[in-house]
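For reference, the structure is listed below as structure tokens.
Nothing in this text is a laboratory measurement; each read-out follows from the coordinates by a stated rule. Just so it is clear, the structure is predicted and the values come from calculations on it, not from any experiment. Cβ coordinates were reconstructed from backbone atoms using ideal geometry, including for glycine residues, and neighbour counts include every protein chain displayed.
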Amino acid sequence: MVNMEVAEDGEDAQDSLTDSQTEYVENAVSLFIAAYTARLIASHAPRIFYTVKNELEIIKNVQRDAGEEVTTFRPSDISQWSKAEVEQYKIMLLDYGGSYIVKNGILEFKGWMNSLRSELIVSCEKVIIKSKNLGYTPQKLRQALLNAMGAEYNNRLYVSAYVESRVIEDQTKRELYAETGISYVTWHTQEDNKVRPTHQARNKQVYLLAECPSLGEPGCRCWIYPKTIKNSLMIEAGE
């Protein structure tokens with residue numbers, strides 16, 4: 001009989017997988033990854049249209065306050081761009097194993113899905129090795145595998161979904177601003193002690209749209225507002 005304490009400490013009598021077990025793990029992880037990407041892709045288009053619908057009202061208020069012609073742009077006008085954006089996003093996830101993230105205000109590609117796959121495989125392998133030494137029943141092994149993948153999957157999905165939604169929102173706003181003639185934006189923070197120093201320095205700073213740092217860093221709660229020019233004065237929604 002295998003010593004339970006030794007097995008718990010990871011010094012298992014059996015510390016490797018058979019070929020069939022390795023194949024099983026890879027197939028199981030592939031299914032999880034497929035579900036993971038499908039959920040992210042499915043949320044992409046709704047996020048774009050939700051952002052456009054809300055931001056259009058802000059843009060119209062800015063233009064109205066500035067005495068400019070109010071845009072006639074409609075949410076449906078972005079449908080072609082939205083379809084192309086979703087397709088590009090799908091290709092990044094499935095073919096390149098990652099997506100754009102924001103680091104120090106700059107968009108950069110990161111293959112985070114590849115690391116997720118590797119981590120899930122390692123988690124499952126550990127569960128199977130432990131099950132071999134502790135004599136798990138098939139039912140208990142299945143549940144242990146689901147628990148191992150589920151914990152990693154849900155944590156990553158929560159974090160990535162938040163970051164992805166912020167990046168999508170920011171990119172959509174910029175696309176919409178460009179389409180409706182907005183050339184300037186103001187950076188806003190929550191103005192509390194949780195704001196990171198680099199973002200504190202940007203608070204209420206006015207940027208040319210093309211020069212404004214990207215939003216979407218993990219934990220960031222900042223946002224940008226459109227500005228326009230009237231008689232050499234910056235006009236912002238709500239000012």
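Overview of values
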read-out	value
Spin-label pair residue 23/residue 193, simplified geometry with 7 Å Cα→Cβ offset, distance in nm	5.9 nm
Relative contact order (%) - criterion: Cα under 8 Å, at least six apart; region: segment 26-136	24 percent
Segment residue 209-residue 109, extension gain: residue separation times 0.36 nm, minus the distance between their alpha carbons	33.9 nm
Packing-based exposure ordering (other Cβ within 10 Å, fewest first) of 127, 206	206, 127
Residues 199, 188 arranged by fewest to most Cβ contacts within 10 Å	188, 199
Over the chain: helical MRE at 222 nm, DSSP H runs n ≥ 4 each giving -39500 (n - 2.57), nearest 500	-20500 deg cm²/dmol
Gain in span if fully extended, residue 179 to residue 137, counting 0.36 nm per residue against the direct Cα distance	9.1 nm
Rounded, prolate or oblate (a/c below 1.5 giving rounded, otherwise prolate when a/b exceeds b/c) for the chain by Cα gyration tensor	prolate
Model label zone, residue 65; criterion: amide N under 20 Å from point 7 Å along Cα-to-beta-carbon; scope segment 159-198	173-174, 176-191
Relative contact order computed over the chain (Cα-Cα under 8 Å; 6+ residues apart), in percent	25 percent
Residue order, fewest to most surrounding Cβ atoms within 10 angstrom, among 20, 214	20, 214
